[in-house]
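Working notes, beginning with the structure itself.
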Amino acid sequence: MPRDAEPSLSERTFVTKALNEGLRVDNRKFDQCRPVSLTFGDEFGVVDVSFGKTRVLARTSAEVTVPYADRPFDGVFTITSELSPMVAPSIEPNRPTETEVLLSRLLEKTVRRSGALDTESLCLVAGQKCWSVRVDLHVLNHDGNILDAACLAVIASLRHFKRPETTLDGEVLTVYTPAEREPVPLSWLHSPFCVTFSFYGEEGDIVLMDPTWLEEQLRVSSCTFSLNRHGEICQVSKLGGSAVDAPLFIQCAQTALSKSKEYTDLLERQLADDAKSRDKGGLMAELTAENDR
């Protein structure tokens, strides 16, 4: 299996020495993140998220299917992630890498197992018909901190998506097109976000937020907090390295909480702006046009 090109000795020495002196290669502070960009597509559920040069595209779709036998009153919710060879030379088609497996597992814990989406609201006929909601995640460019960008893209895509309206007459299920009836948003309970910290140094006492790909390759360990704006932690994942001191761990958790609030505010603003841009003229203008006719 091909491997990623490791940093050269000169790069490793330069970055390590800079971190020991309190500097980063891109002149950011240790707790400073790269500019975050979040844009919605023309279709509901299409989201493009960028953390600096790291770019992720998410798309949500829904179809009517049969629920699982052990969960007859719940709908189906899945998240699929794809890293193509376009992202890195070490990635081969149909051969999941460690990065892709870790990404899918943490997204599974953060979004699906935390109950962010109300799956009971996706049930149409108990044990017979339900909605199957699927989020397809495509990594377009990987320059570090792919997990945080992917989590923001998945949450934004689900919040932006609207499924077709349905009616049930006896056992006859009718699914309406957007032209016939206005689509309805998904029933959403809370918005958890991933915030990752990278540790450097022999004792792991140097902490960075939003590392680039070069910085990620040189870290000794990482810790990812998944939590919502209310401070409810969904999961904590500590990978590699030695144990983290309790005061430093609490400090990282507090920083993750403030970052989660920033992501929530950003998402709410973008959703409001998108809804305003789609509501051309508003309801009153539509009623006025009908009266004029």
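Overview of results
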| read-out | value |
| --- | --- |
| Some residue of the stretch 44-61 being loosely packed, with under 12 Cβ neighbours inside 10 Å, part of a loop (DSSP other than H, G, I, E, B) and either touching a Phe, Trp or Tyr at 6+ places or on another chain (Cβ under 7 Å) or among the charged types (D, E, K, R) (or both) | no |
| Filter result for Glu6 (more than 21 Å from the chain's Cα centre (by Cα), modelled with pLDDT under 90 and in a loop (DSSP other than H, G, I, E, B)) | yes |
| Hits in the stretch 9-27 - residues which are in contact with an Asp or Glu (Cβ under 8 Å, 6 or more places away or on another chain) and either assigned to a loop (DSSP other than H, G, I, E, B) or at pLDDT 90 or above (or both) | Arg24, Val25 |
| Filter pass, Val175 being surrounded by fewer than 21 Cβ atoms within 10 Å (Cβ to Cβ), in contact (Cβ under 8 Å) with a residue 60 or more places away in the chain and among the β-branched types (Val, Ile, Thr) | yes |
| Number of the condition not met by Gly75 [criteria: (1) free of Cβ contacts under 8 Å to residues at least 24 places away in the same chain; (2) over 30 Å from Met209 (Cα atoms); (3) open to solvent by less than 30 Å² (accessible area, probe 1.4 Å)] | (1) |
| Checklist (1) open to solvent by less than 30 Å² (accessible area, probe 1.4 Å); (2) in contact with a helix residue (DSSP H, G or I) (Cβ under 7 Å, 6 or more places away or on another chain); (3) not polar (S, T, N, Q) applied to Pro67, failing item | (2) |
| Candidates Ser104, Ser132, Ser121 - the one that is of a type in the set (Ser, Thr, Tyr) and assigned to a strand (DSSP E or B) | Ser132 |
| Qualifying positions in the stretch 4-38 - closer than 30 Å to Asp265 by Cα, in contact (Cβ under 8 Å) with a residue 12 or more places away in the chain and among the polar types (S, T, N, Q) | Gln32, Ser37 |
| Residue within the stretch 142-160 that is crowded, with 23+ Cβ neighbours inside 10 Å and assigned to a strand (DSSP E or B) present | no |
| Selection within the stretch 181-206 - surrounded by 17 or more Cβ atoms within 10 Å (Cβ to Cβ) and touching a helix residue (DSSP H, G or I) at 6+ places or on another chain (Cβ under 7 Å) | Leu186, Ser191, Pro192, Phe193, Cys194, Val195, Thr196, Phe197, Ser198, Tyr200, Ile206 |
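The values are calculated or read from the model by the stated rules, or taken from the named source; none is laboratory data. Nothing here was measured: the structure is a model prediction, and the numbers come from that model. Cβ sites come from the backbone with ideal geometry, for glycine too, and all protein chains shown count toward neighbours. Heavy atoms of the whole protein, side chains included, go into the accessibility calculation; ligands, DNA and RNA do not. Shrake-Rupley method; radii C 1.70, N 1.55, O 1.52, S 1.80 Å.
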